[in-house]
C-alpha cells in the first residue's frame, strides 16, 4: 500500500501597510479568474522558505531575504475526493520587506497584479486564501488550520 502523501505549497502575503499584493489567476486550469497571493509548490529538495522566496521572484519579480518571511499559519486541507493533488499542506508567510518593484512576471498565468486594502479585497479571492486574509486583521490565526475534513 502506498504511503499517504500531501502536496506542500508556500504562500506569501506581501504587505504594504494595510494593503496586500494580489495576482489575478488566468490560464492555469485552477481558480482562473480568482485573486490570489503569490504562491507555489515546494520543489523536491527545497525548503518551504526557499520556495516562498523563489515564488516571489518568479511571479512578481521581487527579492526577499528569507529572514524577512514571517510565518502566519499552516493549513492542512483536502478536496475530500481521494485525488492526491487535492491533499495539501499550505504554509503562509507575510513580508513587508523586499527589494525590487512588484510587476507581473508570468502574464501567461496571471491577468492582473495590484495592491488591495485588507478591508476592500477584490472578488473573488481563492477561498482558502480568503480565509487567511480575512483573519489577518483579527486576533490572529491559529498555528494550524484544518479545512475540508469531516
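The values are calculated or read from the model by the stated rules, or taken from the named source; none is laboratory data. None of the values given here were measured: they were computed from a predicted structure. Virtual Cβ from ideal backbone geometry, glycine too; neighbours counted across all protein chains shown.
As a summary of the residue check, residue 103 satisfies the conditions (1) touching a helix residue (DSSP H, G or I) at 6+ places or on another chain (Cβ under 8 Å); (2) at pLDDT below 95; (3) over 18 Å from residue 10 (Cβ atoms) except for the one numbered (2). Taken together, the residues in segment 91-111 that are over 24 Å from residue 68 (Cα atoms) and either out of contact with any strand residue (DSSP E or B) (no Cβ under 9 Å at 6 or more places or on another chain) or assigned to a strand (DSSP E or B) (or both) amount to 4.
Restricting attention to segment 55-101, the residues that are crowded, with 17+ Cβ neighbours inside 10 Å and within 13 Å of the chain's Cα centre (by Cα) add up to 16. Name every residue in segment 25-54 that is out of contact with any helix residue (DSSP H, G or I) (no Cβ under 9 Å at 6 or more places or on another chain) and surrounded by fewer than 20 Cβ atoms within 10 Å (Cβ to Cβ), in order of residue number. Of everything in segment 25-54, those that are out of contact with any helix residue (DSSP H, G or I) (no Cβ under 9 Å at 6 or more places or on another chain) and surrounded by fewer than 20 Cβ atoms within 10 Å (Cβ to Cβ) turn out to be 25, 26, 27, 28, 29, 30, 32, 33, 44, 45, 48, 54.
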